[in-house]
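Notes for the one structure printed next.
The values are calculated or read from the model by the stated rules, or taken from the named source; none is laboratory data. A quick note: this is a predicted structure, and the numbers were derived from the prediction, not measured. All Cβ positions, glycine included, derive from the backbone under ideal geometry; neighbour counts span all protein chains shown. Side chains included, ligands, DNA and RNA excluded: accessible areas come from the protein's heavy atoms. Shrake-Rupley method; radii C 1.70, N 1.55, O 1.52, S 1.80 Å.
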Amino acid sequence: MIRLTTSVIYTAAMAAVGLALGVASLIWPVINDGPVPPLMLLIGVSLVFDLALMRAASLGWAEALQMNGRMIGFFAGALIYLGARLVLA
């Protein structure tokens, strides 16, 4: 059974955002040509989610997210985004 830690929640959220970006970029191709590339949007979402986790950690509601959790989450989202683009295109 998987323990719900902040790293697991963060990785699942980034994977869901990566899939959503992959599908959205296929439905609306203008997303790929916009001023902000989809992988940079993934970094922006990561920042917002990380700020929320840092606030929760400072209040004692959750444990702090470590750097390896951030890397795993971002790369999971990026690979799922690229995989969705390759498989669904």
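In table form, for the structure just shown:
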read-out: Candidates Leu53, Leu42, Leu21, filtered to the one that is of a type in the set (A, V, I, L, M), surrounded by 15 or more Cβ atoms within 10 Å (Cβ to Cβ) and in contact with a Pro (Cβ under 8 Å, 6 or more places away or on another chain); value: Leu21
read-out: Neighbours by Cβ (under 6 Å, 6+ apart or cross-chain): first from the range 36-57, among the aliphatic types (A, V, I, L, M); second assigned to a loop (DSSP other than H, G, I, E, B) and open to solvent by less than 70 Å² (accessible area, probe 1.4 Å); value: Leu53/Leu65; Ala56/Ala62; Ala57/Ala64
read-out: Cβ pairs under 8 Å, 6+ apart, first in the range 1-12 and in a helix (DSSP H, G or I), second open to solvent by 80 Å² or more (accessible area, probe 1.4 Å); value: Thr6/Glu63; Ser7/Gln66; Ser7/Asn68; Ser7/Ile72; Val8/Ile2; Thr11/Ile72
read-out: Of all residues making up the range 24-39, the number that are loosely packed, with under 14 Cβ neighbours inside 10 Å and either within 25 Å of Gln66 (Cβ to Cβ) or of a type in the set (A, V, I, L, M) (or both); value: 3
read-out: Flag for Ser58 being modelled with pLDDT of 90 or more, farther than 16 Å from Leu82 by Cα, among the polar types (S, T, N, Q) and exposed (fewer than 15 other Cβ atoms within 10 Å of the Cβ); value: yes
read-out: Matching residues in the range 61-76 - criterion: being open to solvent by 60 Å² or more (accessible area, probe 1.4 Å) and farther than 18 Å from Val45 by Cα; value: Trp61, Glu63
